[in-house]
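Readers should treat all values here as calculations from the given coordinates under stated rules, not as data from a laboratory. All figures in this text were calculated on a predicted structure; none of them were measured in a lab. Neighbour counts are summed over all protein chains in view; Cβ atoms, including those assigned to glycine, are modelled from backbone coordinates with ideal geometry.
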Amino acid sequence: MRRYLLILFTILYVVNFAQAQKQSKDTIVSEIVVDTSHSPKIATILSAVIPSSGLIFNQIHKIDGQRNTLWWKLPIIYGGLGATSYLAISNHQEKKMFKDERLNRLEVGYVSTDLAFLSDSQLKVYQDQYERWRHLSIIGGLLVYTLQLIDVNVEAHLMHFDTSDNLSFNWRPSVSLVGNSASYGLSFRISFK
């Protein structure tokens, strides 16, 4: 059985080595052109001032052949910012309504029309609940804003990263002889352009 495994690994090693030799002869060295007018710092500052403007800046300076990620990121960012802004404003208005009702009930002669069915303690509970939801909405908006800044910065830094199909992963069988025993295994090689 060992003999057959040794023969199998040897054949696989020779075939893989021959392919690697052929690939190295056929490889054409190409020079990568780096755009020096693009700056991750500028892209991040643009996105800090106007959300997603750094994405547009990155898209303008992208290298030919890179994927366009602008079409699906913009609706998510502006949808997230719009939804959290709407929820923060709506929750603030509801909180203010319950707070005003509580304060108006302290005045002499005030007759409640809309919220007469709620007690003062229930009004306080609703006011606190809407205040908490408003704070969570603001935190959600800040989270969306921060995530879009991080995304723009990372995309700007990785703009010149090679994502072509010229990356390869090769494996070979290997045999290590130690004394009278043989160890069989695999060796892996990752080749970058």
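General observations
- The range 94-193 - Kirkwood radius from inverse mean 1/r over Cα pairs (Å): 20.8 Å
- Computed from the C-beta positions of Trp72 and Ile138, the FRET efficiency with R₀ = 30 Å rounds to 0.70.
- Whole-Hz ³J(HN,Hα) from phi, Karplus 6.51 cos²θ - 1.76 cosθ + 1.60, for the range 116-122, glycine and proline x: 5, 6, 9, 7, 5, 5, 5
- Under the criterion of Cα pairs below 8 Å and six or more residues apart, the relative contact order for the range 92-144 equals 49 percent.
- Nearest-0.05 FRET efficiency for Asp120 and Leu147, computed from C-beta distance (R0 41 Å): 0.50
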